[in-house]
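Below is one structure, written out as structure tokens, with a few remarks after it.
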Amino acid sequence: MTLISIESVKLHNLVKSNNKCKEIESHCLVPGDVIVLTGKRQFLPCDAILLSGGCIVNESMLTGESIPVSKTPLPNNNHTMTWKAHSGEDFKRHILFCGTEVIQTKPTSHGQVKAVVLKTGFNTAKGDLVRSILYPKPMNFKLYRDAFRFLMILAGVAVIGTIYTESLTEVVVKALIIITTAVPPALSAALSTGIMYAQRRLKTKGIFCISPQRINVCGRLNIICFDKTGTLTEDGLDLCGVLPSQGNCLQKLHNFASDDTLPWSPLLGALSCCHSLVSIDGKLQGDRLDLKMFEGTQWEFEQSSSENKETVSSSLVLKPGQACRSGPAEGIAIIHQFPFSSSLQRMSVITQEIGQDNHVVYMKGAPEMVIQFCREDSVPKGFSSELQFYTMKGFRVIGLAYKVLEEVKPRSNSSFIREDVESDLEFLGLLILENKLKPETKPVLQELSAANIRTAMITGDNLQTAITVAKTSGLVPENSSMILVEAEEPSGLSSAKISWHPVESQEQTSSNTKVSLNINIEGRTILEEAQGDYYFAMSGSTYQVVLQHFQSLLPKLLVNGAVFARMSPGQKSSLIEEFQKLDYYVCMCGDGANDCGALKVAHAGISLSEQEASVASPFTSRTPNIKCIPELINLNHAYPKLAPYRPPAQLMSPPLLLSVVIHVIVTTAIQVYGFVVVQQQTWYSEHPSRACIYGNASTSNTSTFFNSTGPQTANTQTGFDLNMNHESYETATLWPLTTIHCIIVAFIFSKGKPFRQAIYTNYIFTAVLTIQLGVCIFLLFADIDNIYKVMEEFIIENRKLWLLMKKCFNYKSKSQYRKTIRAVEMDQNWPPINQSYRTKPVIRHSDDKAQVYSNPAFESNEFVK
Ligand SMILES: Nc1ncnc2c1ncn2[C@@H]1O[C@H](COP(=O)(O)OP(=O)(O)OP(=O)(O)O)[C@@H](O)[C@H]1O
């Protein structure tokens, strides 16, 4: 069965020759087919590139984020570049992925929403998810490697054991016995059962796992990387206000809550129109930042069907609300979007005032990014200091800009070129949002720190905001010093440069007070390491330069790196890999689409999502905070507190070997003692059968074994016939010793503190072991003649027991013949003696050849030769 056929969705396949639609089954789709997406909600059966119209898609299966995502058509440009190269990092905004749900389509007035099939089956995004479940990435976990080596050693020992055998048959038989004894056959089953139980326990805590082999690694995690927004801080943002830019200066903060509504201006236009919100079932949905920003303006929205041929026919129209002082009465339509992408750190929209011809572009994004697209003269003088002021307080700051598009030639929307549109903008101001810490963040970070587990923040947000959040959350201890690492690409004749600045003195630092070192590409200058408790903070651009030009410094920076800001999704996953190269066991905890790569490459990626499972990460937590992290680390152990060190990851690790060695010494000592002492007994004989008195009691093996274990039984007056195969006092002594020893070992090797609760708290297990020990000792010393007989007949050969149970529980076999027998027994009139029965009269056809033969398996429309 193909993947596609699982989704029994029917789609319209566009027949290119005459532009007519034909309905075909999903599994018939092949790359290159053009499909038409109707307005109904549907799950996509293939990956497809959007050619015309727009789509709103729920991509939570891919990203774990259930925010609707807008998809825009691929621009229809006449150039020779491939579509992927041309769309750059942001190519995904044109792709509709298999398994994601199309919530809404936006046809253009030119025609339907069309997409061309790109990939089908296992090559699609959904196929990728299935493949990652069926064929998970092999985990290079030392435990498995060591376990395999251990089994190989045991097998080697077993093979050596066969040397002592004589005939070929004996070699084969004994080899099998030795191998099955030496190589524990239940080992793999025990490991799988353990993982299964852990997975089930995680599920009860709201953590879902699609990659169970990673569960074992969780106990070893020693660095946890967190995304900031939505993970450490609240998902929802509080709107503080906006700093309008006027006359090349930033004005005082306009507070949405306490001040009047803003008068109509391009700034208000940007706040009300520059977003990717969509109306689903009459409700606005989308990015939380966008929602808060729009709500602050007190504007309203409506879904319109524009007459304008150039616009998407069902675009969002935004109008000033009743509380607003002024604004375009007819409203503004968003006619084109360049949706937000984390790698670009910005988004833009092209709007048109209803009834007017002019088009306006609005842009919003990371302030540092937005000013790169603004005219230099429009960027206010106090920009950097104001930005620093708010980011140092931990606020989330967004830059806004706009321009009026002078000439918009009549052309299709999809042909707006981003580079043309996003240039020479005018800076409008800064939007300030408060992003509070989640209440669970601080205690969990404290718990991790007490357990000596390192933590780091990898965020797409501003560096200064990230540092402030790191300090307030306790990710970086209050009394420690923070060092900002800055690096510059080589330019012209100057080589790449890296410098270190203490963060505290940022505001007052002048260039001569900075602890700055130039390091050339060959890395001749050496970093003077700061002393004491210090942490590094760096931005994505610095990380990139270090990766390319200062590879030798990277490990040193990473071992003390705590804050990584303005990181693109690609840089996030690269950083995780760099940590892994340093032999860290890395956990990544994130919540958004920008964390997907990092979540996948980490040893344990945990996505905070409402979804049960997404392709985004091996673990998904329904609890929307970082409390799931200690639970994941502690999952097998259930000990209330995290231990301050990690359990060994290798079987050959000294602490594990030490306990095995001590165990071997104790076992050897006890067994040697038993072996020697039994030979010194007065009743000892090399051939016990001769030493035993022949009697008239049972001759069972069981009785032989139990009665030959001690002097009292050897001399017993009851006397059992011991002329059997098991005539060895040594075996009879060592066997019960070994049995009792096994039970004790099961108790001792079930390690409790500090990784698990003490084993005695597992009451069922303790009770089972105690009963086993009790039964063993009882059987060893009990001198009850009939017990062995009872054991053999009633327990080992348990037919009588089974019959008794059947009688007690009134169990009746469900076999048909048993049912018939029971029915017959109940039937008083059976057998019907002196009675006779006749069959029903048979209607015979005169011509036997014309008789119709009816085959129930044959359908009349089938052709039979
Ligand atoms: N909807 C949006 N529209 C425009 N710009 C945005 C939007 N959301 C975020 N930004 C800007 O882009 C930057 C990068 O965003 P990104 O989603 O990668 O990371 P983040 O949400 O800031 O942090 P984190 O990685 O911790 O989730 C943000 O810091 C912000 O300045």
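The values are calculated or read from the model by the stated rules, or taken from the named source; none is laboratory data. Small disclaimer: the values here were computed from a predicted structure and weren't measured. So basically every Cβ, Gly included, is an ideal-geometry build from the backbone, and we count neighbours across all protein chains shown.
Kindly check whether there is at least one residue in the range 790-800 that is touching a Pro at 6+ places or on another chain (Cβ under 6 Å) and either modelled with pLDDT under 75 or within 30 Å of residue 664 (Cβ to Cβ) (or both). Give the derivation first.
To start, the set of residues in the range 790-800 that are touching a Pro at 6+ places or on another chain (Cβ under 6 Å) comprises none.
No - not one qualifying residue is present in the range 790-800.
Filtering the range 366-399 to residues that are surrounded by 22 or more Cβ atoms within 10 Å (Cβ to Cβ) and free of Cβ contacts under 8 Å to residues at least 40 places away in the same chain leaves only 399.
Scanning the range 337-370 for residues being in contact with a strand residue (DSSP E or B) (Cβ under 9 Å, 6 or more places away or on another chain) and within 16 Å of the ligand (Cβ to nearest atom) gives a total of 23. Out of all the residues in the range 4-11, is one or more buried (at least 20 other Cβ atoms within 10 Å of the Cβ), modelled with pLDDT under 75 and part of a strand (DSSP E or B)? Yes, the range 4-11 contains at least one residue that is buried (at least 20 other Cβ atoms within 10 Å of the Cβ), modelled with pLDDT under 75 and part of a strand (DSSP E or B).
State whether the residues of the range 193-209 include one that is modelled with pLDDT of 80 or more, more than 30 Å from residue 567 (Cβ to Cβ) and among the aromatic types (Phe, Trp, Tyr).
Yes, some residue in the range 193-209 is modelled with pLDDT of 80 or more, more than 30 Å from residue 567 (Cβ to Cβ) and among the aromatic types (Phe, Trp, Tyr).
In this structure, residue 614 qualifies as modelled with pLDDT under 85, farther than 21 Å from residue 453 by Cα and either assigned to a loop (DSSP other than H, G, I, E, B) or touching a Cys at 6+ places or on another chain (Cβ under 9 Å) (or both). Of everything in the range 392-420 that is more than 25 Å from residue 434 (Cβ to Cβ) and of a type in the set (Gly, Ala, Ser), the residue that is modelled with the highest pLDDT is 415.
Look through the range 281-291, keep the residues that are more than 9 Å from the ligand (Cβ to nearest atom) and surrounded by 15 or more Cβ atoms within 10 Å (Cβ to Cβ), and return whichever of them is modelled with the highest pLDDT. Quick ask: steps written out before the conclusion?
Residues of the range 281-291 more than 9 Å from the ligand (Cβ to nearest atom): 281-285, 291.
Pick out the ones that are also surrounded by 15 or more Cβ atoms within 10 Å (Cβ to Cβ) and you get 284-285, 291.
On the way: 284: 84, 285: 85, 291: 90.
Filtering the range 281-291 for residues that are more than 9 Å from the ligand (Cβ to nearest atom) and surrounded by 15 or more Cβ atoms within 10 Å (Cβ to Cβ), the one modelled with the highest pLDDT comes out as 291.
Looking at the structure I just gave you, is residue 198 without any contact (Cβ under 8 Å) to a residue 24 or more places away in the chain and small (Gly, Ala, Ser)? In short, no.
The single condition from (1) more than 14 Å from the ligand (Cβ to nearest atom); (2) in a helix (DSSP H, G or I) that residue 390 fails is (1). Step by step: first the residues of the range 208-266, then only those that are under 28 Å from residue 440 (Cα atoms) and surrounded by fewer than 16 Cβ atoms within 10 Å (Cβ to Cβ), then the one that is nearest to the ligand (Cβ to nearest atom). Which residue is that? Once the filter is applied, the top-ranked residue is 235.
How many of the residues making up the range 213-263 are among the β-branched types (Val, Ile, Thr) and touching a Gly at 6+ places or on another chain (Cβ under 9 Å)? Write out each step before concluding.
Let us first name the residues in the range 213-263 that are among the β-branched types (Val, Ile, Thr), namely 215, 217, 223-224, 229, 231, 233, 242, 261.
Those still in the list that are touching a Gly at 6+ places or on another chain (Cβ under 9 Å) too: 215, 229, 231, 233, 242, 261.
Of the residues in that region, 6 qualify.
Among the residues of the range 543-568, just one is within 16 Å of the ligand (Cβ to nearest atom), assigned to a helix (DSSP H, G or I) and crowded, with 21+ Cβ neighbours inside 10 Å, namely 543. The set of residues from the range 321-335 being more than 16 Å from the ligand (Cβ to nearest atom) and buried (at least 20 other Cβ atoms within 10 Å of the Cβ) comprises 327, 331, 332, 333, 335. Mind listing whichever residues of the range 425-445 are of a type outside the set (Lys, Arg) and assigned to a helix (DSSP H, G or I)? 441, 443, 444, 445 - these are the residues of the range 425-445 that are of a type outside the set (Lys, Arg) and assigned to a helix (DSSP H, G or I). Just wondering, is there one or more residues in the range 403-415 that are out of contact with any Cys (no Cβ under 6 Å at 6 or more places or on another chain), part of a strand (DSSP E or B) and within 15 Å of the ligand (Cβ to nearest atom)? The answer is no, given that none of the residues of the range 403-415 is out of contact with any Cys (no Cβ under 6 Å at 6 or more places or on another chain), part of a strand (DSSP E or B) and within 15 Å of the ligand (Cβ to nearest atom).
Output the residues belonging to the range 782-803 that are free of Cβ contacts under 8 Å to residues at least 24 places away in the same chain and not in a loop (DSSP other than H, G, I, E, B). Hits for the range 782-803 are 786, 787, 790, 793, 794, 795, 799, 800, 801, 802, 803.
For the range 569-597, a tally of residues being modelled with pLDDT under 90 and within 11 Å of the ligand (Cβ to nearest atom) returns 6.
Residues in the range 457-480 that are outside any loop (DSSP other than H, G, I, E, B) and within 12 Å of the ligand (Cβ to nearest atom): 457, 458, 463, 464, 465, 466, 469, 470.
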